[in-house]
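Let me begin by presenting the structure, written as structure tokens, before commenting on it.
The values are calculated or read from the model by the stated rules, or taken from the named source; none is laboratory data. Quick caveat: nothing in here was measured; it's all calculated off a predicted structure. Cβ placement follows ideal geometry from the backbone for every residue including glycine, while neighbour counts extend to all protein chains displayed.
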Amino acid sequence: MDHPGRPPVTLEHVARAAGVSRATASRALTGSGPSAAGTRERVQAVAEQLGYVADPVARALVSGRGTRVVVAVTGMTADVLDDAYLARVVTTTARVSGAEGLGVALQWLPLDRPWPTLEQLSRDRTVAGAVLVNTTAAVLAGLPRSLRGRAVSIGASSPDVPAFDVDNGHGVRVAVSHLVRSGRRRIAMITGPAWLSCPEAGEASYAATVRAAGLPVRMVPGDFTVAAGRAGVHEVLRRWPDTDAVYAVCDDTALGALAVLQELGRQVPGDVAVAGFDDVPAAASSGPGLTTATHPVEQIAAAAAHAVLHRPDRGGGVTRFPSELVVRASA
């Protein structure tokens, strides 16, 4: 048993007291290699007598499992690490991995050169697996072979990397359909980043929904920020002053658009309705409350983390989670 002020008992102490090498003591205590039954029993008895407690990091490295799950997010700059959505993914991953005795780490993958970082992760023996966020086709194509089978994606998938994501297309369809049913006839969309594939289904769903209603397709580029919503709605009004509804790729962008409309004296929803996607906490408290579609981030991240740790299926494919309409005063 360890005592205050006394150095902790190490594997070397156990090996010396048992009369075996350090390697033999390690094999006997971890079961990581062959050892005679008598030797194993003697080493275990000495370890118990001395109060030896194995270093969990060392044991994880010996077992080959690693000590942490890495959430690796692709982005143009490291500012992507500040995203509130990513914080929800990391928190959920930490809960899942913590229950398995593992930690979690956050890593930026530069959009223009993700491969050196991926290669470094693949060689790091402490990495039990990786949850890839904002995944692109280039990231999946360049994933080191040693990471395949212990990496999953939130977003895009490949034949050997499974993906977990919200049913973006359905969420956009129900939100835009709500705008159409409420009498809106000139609905513009502020889209997501052009380099990211995950918003594409939503953009296609928006276009199909307004075309099915005999309405024009009006799209301006954006991203997942409030600033993009502010700039995007200015562009919408410049190009189409008669716009009577704005649908944004996410709630932050929608809230930015809503703020500009109010600054310009446009009544929301009287003059212009606004809707978004995600149902972030601010959506319920904005003035007016934001109509949106849900995004079960915690469920998606938990499923991704469980898949990394247990990997029941090493193949690809996408598991989609449902999105539901939440109607509030903005539309």
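Only one of the numbered conditions (1) farther than 15 Å from VAL131 by Cβ; (2) under 13 Å from the mean Cα position of the chain (by Cα) is violated by THR74, and that is (1).
One residue is enough: does segment 107-119 have a residue meeting the conditions assigned to a helix (DSSP H, G or I), farther than 22 Å from VAL280 by Cβ and of a type in the set (Asp, Glu)?
Among the residues of segment 107-119, at least one is assigned to a helix (DSSP H, G or I), farther than 22 Å from VAL280 by Cβ and of a type in the set (Asp, Glu), which makes the answer yes.
Within segment 184-202, the residues that satisfy the criterion of being in contact (Cβ under 8 Å) with a residue 40 or more places away in the chain, of a type outside the set (Val, Ile, Thr) and outside any loop (DSSP other than H, G, I, E, B) are ALA188, MET189, GLY202. A single member of GLY256, GLY232, GLY222 is in contact with a Gly (Cβ under 6 Å, 6 or more places away or on another chain), outside any helix (DSSP H, G or I) and at negative phi, and it is GLY222. Only residues that are surrounded by fewer than 24 Cβ atoms within 10 Å (Cβ to Cβ) and not in a helix (DSSP H, G or I) were counted in segment 131-142, giving 2. Of all residues in segment 259-281, those being among the β-branched types (Val, Ile, Thr) and part of a loop (DSSP other than H, G, I, E, B) number 3. Within segment 165-183, the set of residues being outside any loop (DSSP other than H, G, I, E, B) and small (Gly, Ala, Ser) comprises GLY169, GLY171, ALA175, SER177.
Only one of the numbered conditions (1) without any contact (Cβ under 8 Å) to a residue 12 or more places away in the chain; (2) closer than 24 Å to ALA248 by Cβ; (3) within 16 Å of the chain's Cα centre (by Cα) is not met by ALA156, and that is (1). Taking only segment 201-219 into account, find how many residues are on the phi > 0 side of the Ramachandran plot and either surrounded by 15 or more Cβ atoms within 10 Å (Cβ to Cβ) or among the aromatic types (Phe, Trp, Tyr) (or both). Looking only at that region, the number is 0.
Entry remark, segment 165-195: residues being under 22 Å from THR319 (Cα atoms) and crowded, with 23+ Cβ neighbours inside 10 Å number 6 in total. Please specify each residue of segment 276-290 satisfying the condition of being under 17 Å from ILE187 (Cβ atoms) and more than 23 Å from the chain's Cα centre (by Cα). Hit for segment 276-290 is LEU290, nothing else.
The residue that is surrounded by the most Cβ atoms within 10 Å (Cβ to Cβ), counting only those in segment 143-164 that are assigned to a loop (DSSP other than H, G, I, E, B) and charged (D, E, K, R), is ARG150. Can you tell me which residue among GLY256, GLY287 is outside the structural domain of SER153 (by TED's automatic domain parsing), crowded, with 20+ Cβ neighbours inside 10 Å and either in contact with a strand residue (DSSP E or B) (Cβ under 8 Å, 6 or more places away or on another chain) or closer than 20 Å to ALA331 by Cα (or both)? Answer to the selection: GLY256. Kindly check whether there is at least one residue in segment 45-62 that is under 25 Å from the mean Cα position of the chain (by Cα), modelled with pLDDT of 80 or more, assigned to a helix (DSSP H, G or I) and of a type outside the set (Ser, Thr, Tyr). Within segment 45-62, not a single residue is under 25 Å from the mean Cα position of the chain (by Cα), modelled with pLDDT of 80 or more, assigned to a helix (DSSP H, G or I) and of a type outside the set (Ser, Thr, Tyr).
The number of residues in segment 66-83 that are outside any strand (DSSP E or B), more than 24 Å from LEU309 (Cβ to Cβ) and touching a helix residue (DSSP H, G or I) at 6+ places or on another chain (Cβ under 8 Å) comes to 1. Listed by first and then second residue, the pairs with beta-carbon distance under 6 Å, at least 6 apart or on different chains, first residue in segment 210-236 and in contact (Cβ under 8 Å) with a residue 60 or more places away in the chain, second buried (at least 16 other Cβ atoms within 10 Å of the Cβ) and part of a loop (DSSP other than H, G, I, E, B), are PHE224/CYS250. The residue that is nearest to the chain's Cα centre (by Cα), among those in segment 291-331 that are hydrophobic (A, V, I, L, M, F, W, C) and part of a loop (DSSP other than H, G, I, E, B), is VAL327. In segment 203-218 there is at least one residue matching the filter, namely being of a type in the set (S, T, N, Q) and assigned by TED's automatic domain parsing to the domain that holds LEU258.
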